[in-house]
1. Taking each pair of different alpha-carbon atoms in the chain once, compute 1/r for the pair, average those values, and report the inverse of that mean as the Kirkwood hydrodynamic radius in Å to one decimal.
2. Express the relative contact order of the range 41-177 as a whole percentage, based on alpha carbon pairs under 8 Å and six or more residues apart in sequence.
3. Using a 1.4 Å probe and counting only protein heavy atoms, arrange ASP277, ASP334 so the residue with the most accessible area comes first.
4. Below 25 Å Cα-Cα, how many Lys pairs turn up in the range 59-142? Only count pairs eight or more apart in sequence, or on different chains, if you could.
5. From the phi of every residue in the range 330-340, what ³J(HN,Hα) in whole Hz does the Karplus formula 6.51 cos²θ - 1.76 cosθ + 1.60 yield, where θ is phi - 60° and glycine or proline is x?
6. Which value, in Å² rounded to 10, gives the accessible area of GLU291 with a 1.4 Å probe and all protein chains present?
7. Just the projected area, averaged over all directions, of the convex hull on the alpha carbon atoms of the range 69-108: how many nm²?
8. Counting each DSSP H run of 4 or more residues in the chain as -39500 (n - 2.57), what helix-only mean residue ellipticity at 222 nm follows after dividing by all residues, to the nearest 500 deg cm²/dmol?
Amino acid sequence: METKRILHCANFNYIKHQGCYLHNVAYKISNGLIRNGHSVLNFPDRDIKRCFSVFGMLKQLGGKKFNELFYDYCISTNPDGILLGHADTVETSTLERVRKALPNVKILQWNVDCIDKNFVSHNLKNIRNKLSVVDYTIITTAQKDLLEQFGVKNVLFMPNPVDLSIEKGKAFEKEQNLYDLLFTAKKKSVRDLCGVTYSAEDFVARMLQNIDVKNVIVPGVLSKPVGGAEYQRLIENSSMGLCVSQVNDNYLYSSDRMAHMMGNGVLVFLDRRTGFDKIFSDDEIAFYSTEDELWQKIDFYHNNPQERMRVAKNGWQKYHKMFNEKIVAEYITDLMFGGYDENKYPWAKFI
């Protein structure tokens, strides 16, 4: 594909350093696009809107000025394509104006949040707001009924990408790391344990009562939340990691922490109901179907480090091969500019 100029509007977190901003999917997608030979203009929507708002608040006060700036920037740069990553600050009417001024521009929105209406109705609303003005919507869920709830055919699955320049750890190389088990969560969040919902605090308490592993680190619940370089340090120095989301029965949906941990060579424990056992084997991820199986597998791999290292390495290799930033970026540009062939993408046969 010839070089395209792509405006990538997303939350790049230049001003408010919250969460895992180094591992932001927006960075990985932009990296992949650039490494595939495209010109990328990163547009930090929330940061810019804060600059137009009183006291830097992300409210409606700066919305009008921000949208005028976004429109002017699009006209000035004349991109071939516009990527919107959770860019809820950009109004539909602004995108309609852009399309009128630049009739050949292609627009795609991507979303990495849960789309189960029982959990995040605001996310569904944000996605729906732009369905009429985008060419494609891609979401990190492959469950058909959840994708079909939007009532259009151009809503598709995307995997959470991994990037060797970001997820650079190889925890599987060590028999003993600084931490034996890592689990990250917001203190007030909920977690789905084999179909039963617990608060994050109750889940952690239950886990610690049922495993023999002592060197467990739980930022956000038992210690302060971490992000950025400190978050990366924790992951690459952890032998095992729990990827337990607020919902675990949406097909091929998981928190992007799955990519963070597998990308750094950590052995991941994952609910079999996610459907990832269709893609990965038990020699690549520690799948569980019951609570007892989860606790038993944690203890088993803790007591058998060579086996943990083997399985974690297998998972690391496969995730980086199937879901790296370059192949995800190519998937995006193929959708936007034509040339999409599902045979090119290793996840297509599973959805």
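1. Values: mean 1/r = 0.0475 Å⁻¹.
Taking every pair of different Cα atoms in the chain, averaging 1/r and inverting gives 21.0 Å.
2. Working: 153 pairs, mean separation 21.8, N = 137.
Dividing the mean separation by the residue count of the range 41-177 yields 16 percent.
3. Values: ASP277 50, ASP334 10 Å².
The ranking, largest first, comes out as ASP277, ASP334.
4. 17
5. Along the range 330-340, the couplings run 5, 4, 5, 6, 5, 5, 5, 10, x, x, 5 Hz.
6. Answer for GLU291: close to 40 Å² accessible.
7. Details: hull surface 10.3 nm².
The directionally averaged projection comes out at 2.6 nm².
8. Here the helix-only value at 222 nm equals -11000 deg cm²/dmol.
The values are calculated or read from the model by the stated rules, or taken from the named source; none is laboratory data. These figures come from a predicted structure and were not determined experimentally. The protein model used for the area step is the full one, side chains on, heavy atoms only, and it has no ligands, DNA or RNA in it. Shrake-Rupley method; radii C 1.70, N 1.55, O 1.52, S 1.80 Å.
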